[in-house]
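Q: Sharing a structure with you now.
The values are calculated or read from the model by the stated rules, or taken from the named source; none is laboratory data. Keep in mind that what you see is a predicted model, and the values were worked out from it rather than measured. Cβ placement follows ideal geometry from the backbone for every residue including glycine, while neighbour counts extend to all protein chains displayed.
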Amino acid sequence: MSSRRNTTGAPQGEQVAPGLHVVGVPIGNLADITLRALATLGGVDAVACEDTRVTARLLSHYGLTKPLVPYHDHNAAEVRPRLLARLAEGAALALVTDAGMPAVSDPGYKLVRAAREAGHPVHVVPGASAVTTAVVAAGLPTDRFLFAGFLPNKPQARRAAWADLAALPTSLVVFESAKRLAASLADLAAVDAGREVAVTRELTKLFEEVRRGTAAELADAYAREGPPKGEVTLVVGPPPAKPAEAVDLDAALKTALADASVRDAADLVAAATGLPRRTVYQRALALAAARP
């Protein structure tokens, strides 16, 4: 039996497996959705979403119609038991957010946890993410980064958060509102004025912008220009590497050689100083040979 298909070629109305389906949706450009996501949204019994108006527009764009259940910060505790009850009845439910991957900086993770604890299947349909999009667009080190979500609204708490985060030897990704952007950058600048920052805005949309500079430069610029329009994600580069401290290799080796063999002493000092083991071993041999 063939199923109906919408204009994208994705199945519409074809039932998917029971359980909770966590579906990634576009962060701006509606074309950034997968065929699997469309097939899932077309096959579930209902869609739990952050804002029914936003999700209705997305579904309508792809010719889909589904019952929508509001699920957000303000009603999650009340609605979650109802969703779990439907899962217990064998329903297939989708969980989406307004933009990007659900359960990232939203109450979706609580529903995922509760569903797993109740023994219901949880299926993840990956999709667009502002976090990884911003990291790639920023052009800052990506080998290791920390996503810190939204920083506190109150200035004192936000400054403390920046102080803690800025000490970490990794790039940082932070969601920030446009109206607080200048103040938040100023708080970071108070910790490290020269820290490299990329302000990414309206990602995947028509007026996408990536603006690079130091924390101090960007704080001053946005203070003068006023809040930018659209959604903002900050990417902060890692702190500069501290210069290596000078190591008195001979002193370290003489101390180690007092209680260890040449080989063991070289291993200990190389591990402690980060110096090449071959270099340390050769110097340890020389010092051992020169001992009375």
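Q: Can we say Leu268 is more than 28 Å from Ala182 (Cα to Cα) and at pLDDT below 95?
A: Yes; evaluated as a whole, the condition is true for this residue.
Q: Now for a separate question. Given (1) loosely packed, with under 13 Cβ neighbours inside 10 Å; (2) among the aliphatic types (A, V, I, L, M); (3) within 17 Å of Asp220 (Cα to Cα), where does Leu185 come up short, assuming only one miss?
A: Result: Leu185 passes all but (1).
Q: Residue check, Gly230 against (1) in the same structural domain as Asp187 (by TED's automatic domain parsing); (2) part of a helix (DSSP H, G or I); (3) at pLDDT below 95, all met but one. Which one?
A: (2)
Q: Moving on. Residues that are closer than 26 Å to Glu202 by Cβ, of a type outside the set (Phe, Trp, Tyr) and in the same structural domain as Arg195 (by TED's automatic domain parsing): which helices (runs of 4 or more DSSP H) entirely in the range 72-156 hold 1 or more of them?
A: Helices (runs of 4 or more DSSP H) meeting the threshold: 130-138.
Q: Given the criteria under 19 Å from the mean Cα position of the chain (by Cα) and surrounded by fewer than 22 Cβ atoms within 10 Å (Cβ to Cβ), does Pro81 qualify?
A: no
Q: Given the residues Ala284, Ala288, which is the only one that is more than 30 Å from Leu203 (Cα to Cα), of a type in the set (A, V, I, L, M, F, W, C) and surrounded by fewer than 17 Cβ atoms within 10 Å (Cβ to Cβ)?
A: Ala288
Q: Do we have Gly28 as in contact (Cβ under 8 Å) with a residue 40 or more places away in the chain, farther than 28 Å from Leu206 by Cα, assigned to a loop (DSSP other than H, G, I, E, B) and not assigned by TED's automatic domain parsing to the domain that holds Leu203 here?
A: It is false that Gly28 is in contact (Cβ under 8 Å) with a residue 40 or more places away in the chain, farther than 28 Å from Leu206 by Cα, assigned to a loop (DSSP other than H, G, I, E, B) and not assigned by TED's automatic domain parsing to the domain that holds Leu203.
Q: Test of understanding: among Arg212, Arg201, which residue is free of Cβ contacts under 8 Å to residues at least 60 places away in the same chain, surrounded by 15 or more Cβ atoms within 10 Å (Cβ to Cβ) and among the basic types (Lys, Arg)?
A: The unique qualifying residue is Arg201.
Every residue, every condition in (1) buried (at least 21 other Cβ atoms within 10 Å of the Cβ); (2) at pLDDT 95 or above, yes or no:
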position: Met1; (1), (2): no, no
position: Asn6; (1), (2): no, no
position: Ala10; (1), (2): yes, no
position: Gln15; (1), (2): no, no
position: Leu20; (1), (2): yes, yes
position: Asn29; (1), (2): no, yes
position: Cys49; (1), (2): yes, yes
position: Lys66; (1), (2): no, yes
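Q: May I pose another question? For the range 43-56, enumerate the residues that are within 17 Å of Val122 (Cα to Cα) and not β-branched (Val, Ile, Thr).
A: Correct list: Gly43, Asp45, Ala46, Ala48, Cys49.
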